[in-house]
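Each remark here refers to the structure printed beneath this line.
Just so it is clear, none of the values below were taken in a lab; they were calculated from the coordinates. Worth saying up front: this structure is predicted, and the values here are computed from it rather than measured. Using ideal geometry, Cβ is built from the backbone for each residue, glycine included, and neighbour counts are taken over all protein chains shown.
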Amino acid sequence: MTPAVRFAGVSRHFGPVRAVDNVNMEIAEGEFFAMLGPSGSGKTTCLRLIGGFDQPTAGKIEIFGVPTAGVPPYRRHVNTVFQDYALFPHLNVRDNVAYGLMVAGRPKPERYRAAEEALEMVALPGYGLRKPSELSGGQRQRVALARALVNRPRVLLLDEPLGALDLKLREAMQEELKALQRRLGITFVFVTHDQTEALSMADRVAVFNEGRIVQVGTPQDIYYRPRVPFVARFVGSSNVLPPEVTERVAGRHVHAAVRPEALRLGAEGLAATVLSTAFHGAATRVALEAEGGLRLVALLPKGVEVPQEGACVHVTWAREDLHLMTEAGA
Amino acid sequence: MSAVVDPAPAGLRARIADALWRRPGLTIFLLLTPPALWLGIVYLGSLFALLLQSFYSIDEFSGMIVREFTLKSYRELFTPANIDIIIRTVVMASLVTVAAALVGFPIAYFAARYARGRWKALFYLGVMLPLWSSYLVKIYAWKLILAKEGILGWLFETLHLSWLLEAYLSLPVLGGNSLSVSWTGTFLVFLYVWLPFMVLPTQAALERVPVSFLEASSDLGARPAQTFRHVLLPLALPGVVAGSIFTFSLTLGDYIIPQIIGTSRFFLGQAVYSYQGTAGNIPLAAAFTVVPIVIMGFYLWFAKRMGAFDAL
């Protein structure tokens, strides 16, 4: 099957800055694909390259097998939910949602019917005559979504769409977005710097760092089997053991990752001092310093005795929880 | 232990600062009183006195002003010759405004969207520089450019295009003996002198349109012309209308440019100038000044009805 989006050796350089550096990826049709990375890692630039707002310096981008070099955004059947929503302030909600149909020359009754349907889909029926300025952040986000979806895009691009929402709303929108994507079967490409968001929503995640993709995989892959220390640290803040320590505890001279919830405090194992403890509700987070200045974090479940700050403890883990990273790299 | 609150100040200035902080209303009152007095008494007062004058009349034998309310000046205002002046001025002001918007928009767009750092400074310099030199100097400079043996004539001659200029000058209404005594000349100089007043507000309005709006429009399938028509223009319109208020009203009231450059036919400002000066007919001059005020009132009402301020 032709991938919905294919990047072949794509680079985008801004002068000496390599915003995107030789990226290769394939996004399958109907997939919920997340591009995850810290700010400046190139994920938003990749999204803009798919949307056509920017052109690659080198390489090829295909959308459903069609090369996109020199194709302007208005000729791509790809729609975007912008980070700042970019709702037109001089138009009401209905005209915002119907904008794509209006410029396509559809008659007014059809436009308005489609807009109302799209608003119903995002749970905002009857909001058509309000101005964007009269809506809350969450409502604006939904209008932006309806405006993009009303054109029935082949690919929907979402640029940190939940970034401006508060935690509770964000969680609700995550579920809704995922359900919507399942229902419509449209390919979603979602940019975020929030690893929980990427892991909970996406079918597959691409982790970006310094303009390159460092790992692509399912959320489980990314979480449990990071290929490089960067992924281990960035996705869910794993403890990363340097090769010297790994060699001592597991006999191989490679980086290794062990998840905070896998650490146990016992009578033997790696000697460490408790730096601080913090109550997180379901668990208690314990920051530790092992010999050689190695920092570790343990999440102790409810019911486990929490050590005092400054106490000397021993850290251990089950053998299968130690993930060896065979690839070199930061 | 460090203090929680500083002790109440002893100095007068500090006490005044404290008192003003506690009464924000008083602060605003003190700040606004001088400009309000200036605007209210000096400006609005003189305007009102002027309007009052338009309801007086002049005694044709003695030339004295009769301080009795009458509409005689307004009757005189609406004689065919004066209506000609009004129409001529309004047409000129409209043309200058439309041309300034057409010429100014791309400049403003470039400055708002693309110019950064040094280019932006250059833009402001380029737009503002003409405002630094005296208005009279600029107009006489234009006279040199437009005169029969002037720079423009020389340029056409050098390019062997004199026939083109001649053909243009032979056109009725637009042409004349030379550009400097034609309405085309008047128009060009008006356009040049008032252009900054169009560019700056337009640029300020365009500056407030985020790039993402244009990208969103394009993303939704709008061709560049559609994006301009449906997004950029409506959002820039308050700025363009603000600029047009300047260019339109400044052209309506100006009496120096048409006196130096153009035909000998009067514009509104010249009529006011001659009636209050040599003719000594203050009431008619006052009635003439009411015309641009009324026209501007209609213009703003119309602009509001057309939704020019919706995006404010």
Legend entry - Cα centroid separation, region B:257-286 to region B:103-167 (Å): 28
Legend entry - Two-site label geometry, B:W21 and B:W301: point separation in nm, points 7 Å out along Cα→Cβ: 5.0
Inset, instruction - Putting +1 on Lys and Arg Cβ atoms and -1 on Asp and Glu Cβ atoms, find which of B:L12, A:F234, B:L26 reaches farthest to the positive end of the dipole of the protein assembly as shown. - result: B:L26
Inset, instruction - With a ≥ b ≥ c taken as the square roots of the eigenvalues of the C-alpha gyration tensor of region B:2-75, please select rounded if a/c is under 1.5 and otherwise prolate if a/b is larger than b/c or oblate if it is not? - result: prolate
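Give me the percent relative contact order of region A:231-325, please, defined on Cα pairs under 8 angstrom at least 6 residues apart.
Relative contact order comes out at 31 percent.
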Inset, instruction - Mind giving me the nanometre distance, one decimal, between the label points for A:R182 and B:S170, set 7 Å out from Cα along Cα→Cβ? - result: 8.2
Legend entry - Length-normalised contact order of chain B in % [C-alpha pairs under 8 Å, at least 6 apart]: 23
Inset, instruction - Let me know the number of lysine pairs in the protein assembly as shown closer than 21 Å at the Cα, not counting same-chain pairs under 8 apart. - result: 6
Inset, instruction - Pop out the ³J(HN,Hα) list for region A:14-23 in order, Karplus 6.51 cos²θ - 1.76 cosθ + 1.60 with θ = phi - 60°, rounded to Hz; leave Gly and Pro as x. - result: 10, x, x, 7, 9, 5, 10, 10, 6, 8
Legend entry - Theoretical gain in end-to-end length, B:F156 to B:A14 [0.36 nm per residue, Cα-Cα removed]: 44.1 nm
Legend entry - Label-zone membership for region B:175-207, site B:I256, 7 angstrom Cα→C-beta point, backbone N under 13 Å: B:190, B:193-194
Legend entry - Assigned charges on the beta-carbon of Lys, Arg, Asp, Glu; the protein assembly as shown dipole about Cα centre (debye): 820
Inset, instruction - Would you calculate the separation in nanometres between label points at B:V98 and A:F14, each defined as 7 Å from the Cα along the Cα-to-beta-carbon direction? - result: 4.2
Inset, instruction - For region B:93-106, just list the computed ³J(HN,Hα) in residue order, Karplus coefficients 6.51, -1.76 and 1.60, θ = phi - 60°, integers in Hz, with x standing in for Gly and Pro. - result: 4, 5, 4, 4, 5, 4, 5, 5, 5, 5, 6, x, 4, x
Inset, instruction - Convert each backbone phi in region A:98-103 into a coupling constant with the Karplus relation 6.51 cos²θ - 1.76 cosθ + 1.60 (shift: θ = phi - 60°), then list the ³J(HN,Hα) values in order as whole Hz, x for Gly and Pro. - result: 7, 4, x, 6, 5, 5
Inset, instruction - Averaging sequence separations of C-alpha pairs under 8 Å and six or more residues apart, then dividing by the length of region A:144-301, give the relative contact order as a whole percent. - result: 12
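If you filter region A:178-283 for GluC sites (Glu not before Pro), then keep DSSP loop positions with at most 11 other Cβ within 10 Å, what is left?
Taking region A:178-283 and a limit of 11 other Cβ atoms within 10 Å, the loop GluC sites (Glu not before Pro) found are A:E268.
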Inset, instruction - Return the average number of partner chain Cβ atoms within 10 angstrom of each residue Cβ along peptide A:101-107. - result: 3
Inset, instruction - Provide the packing ranking of A:123-136, A:84-97, B:286-299, i.e. peptides ordered by the mean count of other C-beta atoms within 10 Å per residue, highest first. - result: A:84-97, B:286-299, A:123-136
Legend entry - Length released on extending from B:V137 to B:D84, taking residue separation times 0.36 nm less the Cα-Cα span: 16.1 nm
Legend entry - Per-residue [θ]222 nm for the protein assembly as shown (sum of -39500 (n - 2.57) over DSSP H runs n ≥ 4, rounded to 500): -14500 deg cm²/dmol
Inset, instruction - Using a/c under 1.5 as the rounded threshold, could you call chain B rounded, prolate or oblate? The axes a ≥ b ≥ c are square roots of the C-alpha gyration tensor eigenvalues, and prolate needs a/b larger than b/c, oblate otherwise. - result: oblate
Inset, instruction - Please give the contour-minus-distance gain from A:T196 to A:T2: 0.36 nm per residue of separation, less the Cα-Cα distance, rounded to one decimal in nm. - result: 66.9 nm
Legend entry - Beta bridge orientation in the protein assembly as shown: antiparallel %, DSSP, nearest 5: 75
